[in-house]
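Have a look at the structure below, then the notes.
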Amino acid sequence: MFLRRLRVNNFRGFYGEHVIEFDPVDGKSVTVIHGENGAGKTNLLNAIFWCLTGAFTPRLSNPELLINKAAHDEDRESECFVELIFTHESHEYVARRTVVSRIESRFDLHTLDGETRKPIQKAQLFVERIIPKGLARWFFFDAEAIGELELSGSEQFRRELRRVLGFELVDALIEDLEKCLSKKQRGLATAVNSKELNEIQTKIENIEFILPSQREKEEDLDSELKQADAEVIKIENALRELPQSKPLQEQRSRLEARRKSRVATRKELQDQIARFIGEAAPAVLLAPLAIPFENQLYVKENTGRLPAPYSQQLVEDILRESMCICGRPVPDGSIEADKIQSLLRTASTTSFNARVRNIQYLLKDIQNISDDYDNSLSTFIKKLEENDTEIAEIDDELKAIKQKLAEIDEDSIRELEVKRTNLRAKARDIHSGLSILQNNITNNEAQVKDLRLRYDNASKRLGHGDAIKKEINKIKHLIEYITQTLHEQETRALVLLQVELNRILSRYLTKHFRAKINPKTYEVDLLDTQGRQVGRSTGEGQVLKFAFITTVVALAGKKTQEKINFLADPTVAPLVLDAPFSALDPEYQSSVAENLAAQSTQLILLLSSAAWGDAVANALSSRIGHRYVLISRQSGKRENKPVKTMKIDGKKINLNEYDCERDESVIQEL
Amino acid sequence: MSIEDLFNEVAAEIKAEQQQSMTDEDRKLHEVAQKLLMLERDMRAPGSARSMDDRVDRLIEAIAKEKI
């Protein structure tokens, strides 16, 4: 999707009709719209968002008041609409959303062919094919709320990201292909009238019937958990605002971050121990047998087959030179020569010697692993115990903090604490329910895999049903190929994401921080030089979030998708950002601006004059196509009120005017 | 290294990989996989979504036509 033109009519603060062009000028595709607070930047972002989705960004105030007040006062029949012209896959479209009543709107979509317009049925669904519901927030962004972007790897985050990159459709296809497989397998079982196949297939189908609802429930619980966590954070922020609870809450947040990291370490150590036991167990079991076996090797060596007393090479040398090592001649065809020739049957060879050596090394390894097993295991267990002790200490400290907070004689704090405790308990319950469910899902998936294997073995024993078996094999082959390709593409996309994030961080941050993406959860961590986590809410964390958004959008964009060779098309849409730099430290603003412009296919920035410093101007000036300014007009007298100005290309522009006909926002092209 | 360079490098790598290591069988599988994905996308498109049974039947039909 590429936006070409926006037309707003009596929308929010905009009286009458206003047009903004987004078409690139000489290949420059960045559009900048300047405006002070209250001039209508967020309204413009929401005009685009609402037109396409029918929804608003979360921080828009009074979303029910869409019709411009002055227009409505003058003419109660005045029309309020937003119209967007955009191109998608070489076709041009015009989308228009019109206010019908206080809570209703009408959405129309037409294809544009010159002057001809053809209506599209089910217009909203058509737009959702281009930008799926739920993904719009990745492209039309209230950047003041960037702090709320969670990079902590929730299921919703992972799902949305995979959807942006087009991976979810591949998942859906695999799911359907597995159903195709089941259908064919059932067909085979019926055709050959096999009781065993029928039974196995019934079990597979029973599990397959439960799995989707289990996965759905998993999604629901995950979002419930996210909501409960968000509410806890809100309460903790409130506690941080109150002077009496502030230091205690800050200490608690630090401790909880430490606890989270220790809990992750515990999981890691438990995995390491399980891996170690799995790898070392065979050696420990075999060690008692290894010593006698090794002894046996040396016993056999003395009987002649093993390395000494002679080798194939020695026998061949004697025969070639027709001379024994004792100096006697051994003529070709003589009895001696035949006798020596017969020795080749028992002579050792180089490869035979190598095989024996390998067995000896293997036996040695078995012995070493077995000898070292107790020590290594106790080292792991010691680390685990130390980690658990630290968790217990942190828990004690957390308890003490809770106690201190309870002792503060302040109703508001007490109330917040009670709410927090209840929410934490609720989150714990959800979490434990989620863990059980995830465990069940994993078990069911493993069971299906196992049953499929049993089905395969049973069907191989059948002497007929070849035509259906052939079809089954084709489907299996495809599932295998698509699963493998998806895995490769996902890995590649994550590697590219991480490389790019680190390139941006190393180029723009003054500190030596690096980003790490967990391939399982998609959690993005910012780490310092010692590998410790750096808060995502720090100035550097905000840079990371911008870098993440732009990299994902760039990766999904047409200009980079062939580098991944995606099986399915990712979502391609412009990046529209309201107040992108207000949440950033000034030292990072120009670099983020430069990166945003370089990475996105189309960029629309809504900026205040404060965010338009020399550094940002320098970073963007060579990429700007269209530029607009929002002027805030007031009907009231100026009196002592200030007139705000900003300088653009040396020209002074007034950003607000007084003594006007009405209160309104006006869009002016520069 | 700029991101463009990185992307170019990866693109070249993928192309080389595809040319050198993709067997005829893989090429065919890739082609069929993409056809099935397009079919799946159309069958799940908002407004014209098909039922699961319908999707399965059409996929089976499409696979039967392909020689893999």
Dipole axis of the protein assembly as shown (+1 Lys, Arg; -1 Asp, Glu on Cβ), positive-most option in A:Asn10, A:Thr379, A:Pro586: A:Thr379
Scattering curve values for region A:410-497, log₁₀ I(q)/I(0), Debye with Cα scatterers, q = 0.13, 0.17 Å⁻¹: -0.76, -0.94
Note, ³J(HN,Hα) from phi for region A:22-29, Karplus 6.51, -1.76, 1.60, rounded to Hz, x at Gly and Pro: 10, 3, x, 10, 6, x, 8, 10
Area buried, chain B against chain A - accessible surface, total, 1.4 angstrom probe, square angstrom: 3500 Å²
Per residue solvent-accessible surface (Å²) - region A:32-148, probe of 1.4 Å: 50 Å²
Label point distance in nm, A:His464-A:Ser435, each placed 7 Å from Cα along Cα→Cβ: 5.4 nm
Which of A:Ile48, A:Leu605, A:Ala95, positive extreme of dipole for the protein assembly as shown (C-beta unit charges): A:Ala95
Fully extended contour minus Cα-Cα distance, from A:Glu205 to A:Arg454, at 0.36 nm per residue: 88.2 nm
At most 14 other Cβ within 10 Å, DSSP loop - GluC sites (Glu not before Pro), region A:1-96: A:Glu64, A:Glu77, A:Glu79, A:Glu89
Computed [θ] at 222 nm, deg cm²/dmol, the protein assembly as shown (DSSP H ≥ 4; -39,500 (n - 2.57); rounded to nearest 500): -20500 deg cm²/dmol
Extent along principal axes [Cα atoms of chain A; Å; largest to smallest]: 128, 70, 60
Magnitude of the charge dipole, region A:370-485, Cβ model with Lys/Arg +1 and Asp/Glu -1, debye to 20: 1340 debye
Value of relative contact order over chain A, rounded to a whole percent, pairs C-alpha under 8 Å and six or more apart: 24 percent
Helix A:41-53 axis, angle to chain A major axis (alpha carbon atoms, nearest 10°): 60 degrees
Distant-in-sequence amide H partners of A:Ser582 (H built 1.01 Å from N, under 5 Å): none
Relative contact order of region A:572-629, pairs being alpha-carbon contacts under 8 Å that are 6 or more residues apart, as %: 45 percent
Using θ = phi - 60° and Karplus 6.51 cos²θ - 1.76 cosθ + 1.60, couplings along region A:187-201 (whole Hz; Gly, Pro as x): x, 5, 4, 6, 4, 8, 6, 9, 5, 4, 4, 4, 5, 4, 5
q = 0.17, 0.24 Å⁻¹, region A:205-275: log10 I(q)/I(0) [Debye, one scatterer per Cα]: -0.86, -0.99
Length added when fully stretched, A:Asp388-A:Val19, from 0.36 nm per residue minus Cα-Cα: 126.6 nm
Estimated FRET transfer efficiency (A:Asp614, A:Asp663; beta-carbon r; R0 45 Å; 0.05): 0.85
Segment A:Ile381-A:Glu92, length gained on full extension (0.36 nm per residue, minus Cα span): 97.6 nm
Region A:306-461 - percent relative contact order, Cα under 8 Å, separation 6 or more: 14 percent
A:Glu316 versus A:Glu241: modelled label distance in nm, points set 7 Å from Cα along the beta carbon direction: 8.8 nm
Alpha-carbon Debye profile of region A:1-154, log10 I(q)/I(0) at 0.10, 0.14, 0.21 Å⁻¹: -0.38, -0.75, -1.55
Long-range amide H partners of A:Glu657 with built H, under 5 Å: A:Ser632, A:Arg633, A:Gln634
Helix A:539-556 vs. chain A, principal-axis angle (Cα, 0 to 90°, nearest 10): 80 degrees
Accessible solvent surface per residue of region A:423-523, calculated while the other protein chains remain in place, 1.4 angstrom probe, Å²: 57 Å²
Apportionment of accessible area to carbon and sulfur, chain A, percent (1.4 Å): 50 percent
Cubic angstrom per residue, convex hull over Cα atoms of region A:478-521: 50 Å³
Sites A:Ser621 and A:Val192 - FRET efficiency at Förster radius 51 Å, r taken between beta-carbons, to 0.05: 0.10
Nonlocal amide H pairs with A:Arg5, under 5 Å, H built at 1.01 Å: A:Phe22, A:Ile85
Kirkwood-based Rg to Rh ratio, region A:364-455, C-alpha trace: 1.25
Residues of region A:29-55 with amide N under 16 Å of a point placed 7 Å along Cα→Cβ from A:Lys651: A:32-35
Note, ³J(HN,Hα) from phi for region A:590-604, Karplus 6.51, -1.76, 1.60, rounded to Hz, x at Gly and Pro: 5, 5, 5, 4, 4, 5, 4, 5, 5, 8, 8, 5, 9, 10, 10
Sites A:Gln634 and A:Arg59, calculated FRET efficiency, Cβ-Cβ separation with R0 25 Å, nearest 0.05: 0.60
Dipole magnitude of region A:169-241, debye to nearest 20 (Cβ charges: Lys/Arg +1, Asp/Glu -1, about Cα centre): 520 debye
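The values are calculated or read from the model by the stated rules, or taken from the named source; none is laboratory data. Here the structure is a predicted model, which is why all the values come from computation and not from measurement. Note that each Cβ is placed from the backbone with ideal geometry, even for glycine, and that neighbours are counted across all protein chains shown. Quick note on the areas: whole protein, heavy atoms, side chains included, nothing else; ligands and nucleic acids left out. Shrake-Rupley method; radii C 1.70, N 1.55, O 1.52, S 1.80 Å.
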